[in-house]
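Taken together, the values in this text are just the output of simple stated rules run on the coordinates, not laboratory data. This one's a predicted model, so the numbers in the text were calculated from it and none came from an experiment. A quick note on method: Cβ atoms are made from the backbone with ideal geometry, for glycine too, and the neighbour counts reach across all protein chains shown.
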Amino acid sequence: MLLSALTAERRRLAHLFDDDLPPTLGSRVFNTALAVLIIVNVSGVILESVESFEHRFGAELWWIEAIATAFFAVEYGLRAWASVDFQNSRYRQPFWGRLRYLRSFFAVVDLIAVLPAILGMLGAGDLRTLRLLRLLRMLKLTRHATIFNLLWSVFREEARSIGAVLFILFLTITISASLMYMIEGEAQPEGFSSIPASMWWSVETLTTVGYGDLVPRTVLGKVMGGLVTIVGVAAVALFTSVITVSFLDQLRLRRAALRQAVEAHIATGTLSADEVEELEELGERLGLPDAEMAEAVEDAARDLASHPTCPHCGGVLTGMRHV
């Protein structure tokens, strides 16, 4: 009896934690409460750096940190426990499945949320490090942000193109730093003292930041600086165009997927309330706004209105059109 009760409770938690399942009222409430706690906790960490504020509200900030850490620790443990019931079949095995889950990206993010407390118990004395790690709790907000899912899709699809651009940038930094070390090394031995030191100039020139802390003085060095700046502008433009085109392609594919789902539902007749809710959840998972869903319904209805209907079942005969 106890084992079956624990299994049932674990499955309920899996439905609450599993990001691959459609959101329910319970999961929405939980995620909203989690987001509020993260925002309050991170705001407390930021305000703690103000000495006067920390001196006045130190006790309150300590309680906020303690409550947040306890909540994150319990959540981390429960997610690992319930991961065997997630929709992803990779996590089904009791030991190896949980181990795979603990190595996943968001499980590592959850671990970072409780890491400051663990380091504190182990005697870590650098409070600045603990504050920095607590700020990383903001990464937990990316779990349910659909825009980040869209961006990850863009990076996955364009990984090779992005890698090629980054390789060009790294090659340019290395070559230009080596040349500037040869050209400016004697004129500015304190600034261009080595190739690694010259790489700082290459990075700030290639990205067109130009802090001005390290500038060429020789004529040949200035010519090299101009060439590196031009290459930097071209590389940044190339990188931006790759990301932009892939982003638009991902939006187009997601809109097409939503339209196909709408057409599949509307082909059998009018949309029911449950079907509309299902399509809204699909649009939310795809990272599309509500206006996209409404537009897809209107377009599908307008398109399918040109098809004749079956006199027996009332369904749309998609293979024929009125003439």
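Can you tally the net charge around Q87? Count Lys and Arg as +1, Asp and Glu as -1, for every other residue whose Cβ sits under 11 Å from the Cβ of Q87.
-2
How would you order 22-35, 189-202 from highest to lowest mean count of nearby Cβ atoms within 10 Å?
Answer by packing, highest mean first, reads 189-202, 22-35.
If I model a spin label at W200 and R10 as a point 7 Å from the Cα along the Cα→Cβ vector, what separation in nanometres do I get?
Here the answer is 5.4 nm between the modelled labels.
I need S104, S83, S89 ordered by Cβ neighbour count within 10 Å, fewest first.
S89, S104, S83
To the nearest 0.05, what FRET efficiency results for R217 and A164 with a Förster distance of 25 Å applied to their C-beta separation?
Calculated value: 0.15.
Give me the percent of Cα-Cα pairs in the range 157-246 that sit more than 20 Å apart, rounded to a whole number.
35 percent
Quick one: if the Förster radius is 51 Å, what FRET efficiency do H55 and I175 give, using the C-beta to C-beta distance and rounding to 0.05? Walk me through the numbers before you get to the answer.
Numbers: r = 53 Å, r/R0 = 1.03.
About 0.45, to the nearest 0.05.
Can you pull the three principal axis extents for the Cα set of the range 3-85, in Å, largest first?
Between the extreme Cα coordinates on each principal axis of the range 3-85 lie 52, 26, 15 Å.
What's the local net charge at R12, with K and R +1, D and E -1, over the other residues with C-beta under 15 Å away?
-1
Please order S52, S176 by the number of other Cβ within 10 Å, starting at the fewest.
S52, S176
List K140, K222 from most exposed to least, where exposure is judged by having the fewest other Cβ atoms within 10 Å.
Values: K140 21, K222 14.
The most exposed by this proxy come first: K222, K140.
Evaluate E = 1/(1 + (r/R0)^6) for V74 and L251, where r is the Cβ-Cβ distance and R0 equals 41 Å; express this FRET efficiency to the nearest 0.05.
Efficiency, rounded to the nearest 0.05: 0.60.
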